[in-house]
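Comments concern the structure below.
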Amino acid sequence: MKLALVFTGQGSQYLGMGKDFYNKYDYVKEIFKMAEEVTEYPITNIIFEDDDKLFQTKYAQVCMFTIYYVILTVLKKHGVKSFVSMGLSLGEYGAYLHNDVFDFKTGLKLVKERGLIMSEVANSTSGKMSAIIGLSIDELEMILKEVIGYATIANYNTPDQYVISGEEETVLHINETAIKQGAKRAIILNADGAFHSEMMKEASLKFSEYLKTINLHEPRYKLLINLTGNFFDGKDSLDSVLSNQISHSVRFYQMIENAIDYGVDAFIEIGPKQTLSSFIRKINKDVLVMNVENESSLTQTLSKLEGYNELSRK
């Protein structure tokens, strides 16, 4: 088996995520405590009790990053190893953490600054994001070419599901046009702004300046990145990859396809809900897809891994 870890993006968070692990393992409580000390945010209270703050970019990103580390640590304690990882948008920071590009404390500082910058820039614009389901890339690109105003493809989720990002009126108009032209659904997302578009260029530049103060390490394992959909090859600096990601498209299904071409035949989604798991199954029905977000899903995943390994040995 060649296993890859896939980290969920912002927007999948929910009240009480990680509570099973928090209640069961003392080391998880220590992780929450460390996150609060580094960020100076009441992480535990936000994740378990404050629905409003949990969905504000300023807080959401550090909360999600904390959950990534919790689940990574739980998996490590159970002997699960992977040498390939990736994530969707914010989730890419979970993959950096897995690759020792930075440690947990440094990652918290990075993600806190990223969230603050993105929130500030988003609040100064009238951007929106929307998921378009059921159109081909050619059909969607034709609509984007003909529309008045700015919008672009922010996420390539699956070959027939995309997220667009841009000016509010333009995005709303594209939604209407997409439905008329045969899209199954066009759903406005609960996002603060037009992330992964040129409307976040200022955030990208500000984050680039901040990154000059951070010491990043080369990835320890194989890392797929949003910016290209390919494995990180060192041709571009990590600083530029991290900063440009904010204002460029997330090529998720390309990452999955390239992972499978590399030989990956099993994926574990790390983080709340199973959004990415559903994407992966649509991209390729033949791979094993698991997820870990609580004790129940952990037990199921460990069982599937053992069963898969047993089959492989026969």
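The values are calculated or read from the model by the stated rules, or taken from the named source; none is laboratory data. Keep in mind that what you see is a predicted model, and the values were worked out from it rather than measured. Cβ placement follows ideal geometry from the backbone for every residue including glycine, while neighbour counts extend to all protein chains displayed. Just so you know, the surface numbers come from the protein's heavy atoms only, side chains and all, with ligands and any DNA or RNA stripped out. Shrake-Rupley method; radii C 1.70, N 1.55, O 1.52, S 1.80 Å.
Would you mind estimating how fast the range 180-270 diffuses translationally, via Stokes-Einstein at 25 °C and 0.890 mPa s with the Kirkwood radius over Cα pairs, in µm²/s?
It comes out at roughly 159 µm²/s.
Roll a 1.4 angstrom probe over the protein heavy atoms and tell me the percent of accessible area of the range 144-268 that is carbon or sulfur.
46 percent
What is the distance in Å between the Cα centroid of the range 197-255 and that of the range 104-179?
17 Å
Who wins for biggest fluctuation among Gly107, Gly18, Gly149 in a Gaussian network model of the chain, springs between alpha carbons below 10 Å?
Comparing Gly107, Gly18, Gly149 in the GNM, the peak value goes to Gly149.
For the range 1-133, with the dipole built from +1 on Lys and Arg beta-carbon atoms and -1 on Asp and Glu ones, taken about the Cα centre, which of Leu88, Leu75, Val38 lies farthest toward the positive end?
The residue sitting farthest along the positive end of the dipole is Leu75.
For the chain, what does -39500 (n - 2.57) per DSSP helix run (n ≥ 4), summed and divided by total residues, give at 222 nm, in deg cm²/dmol to the nearest 500?
-15500 deg cm²/dmol
Taking a cut-off of 32 Å, what percent of all Cα-Cα pairs in the chain are separated by more than that?
25 percent
Just the number please: accessible area per residue for the chain, 1.4 Å probe, all protein chains included, in Å².
With the other protein chains kept in place, the chain gives 44 Å² per residue.
Length gain on complete extension for the stretch His78 to Leu189, per 0.36 nm per residue less the alpha carbon to alpha carbon distance? Write out the running numbers ahead of the final one.
Values: separation 111, 0.36 × 111 = 39.96 nm, distance 3.55 nm.
Full extension from His78 to Leu189 adds 36.4 nm.
What FRET efficiency do you get for Lys201 and Asp26 if R0 is 30 Å and r is their Cβ-Cβ distance, rounded to the nearest 0.05?
Here the calculated transfer efficiency is 0.10.
What ranking do 64-70, 236-242, 247-253, 216-222 get when scored by the average of other Cβ atoms within 10 Å per residue, highest first?
So the peptides 64-70, 236-242, 247-253, 216-222, ranked by packing, come out 64-70, 247-253, 236-242, 216-222.
Carbon and sulfur atoms: what percent of the 1.4 Å accessible area of the range 1-112 do they account for?
Values: 1870 of 4120 Å².
Roughly 45 percent of what the probe reaches on the range 1-112 is carbon or sulfur.
For Lys184, Lys33, what's the largest-to-smallest order of accessible area, 1.4 Å probe?
Output order, biggest surface exposure first: Lys184, Lys33.
When only the heavy atoms of the protein chains count and the probe is 1.4 Å, how do Lys212, Lys128 rank by accessible area, highest first?
Details: Lys212 140, Lys128 60 Å².
Descending accessible area places them as Lys212, Lys128.
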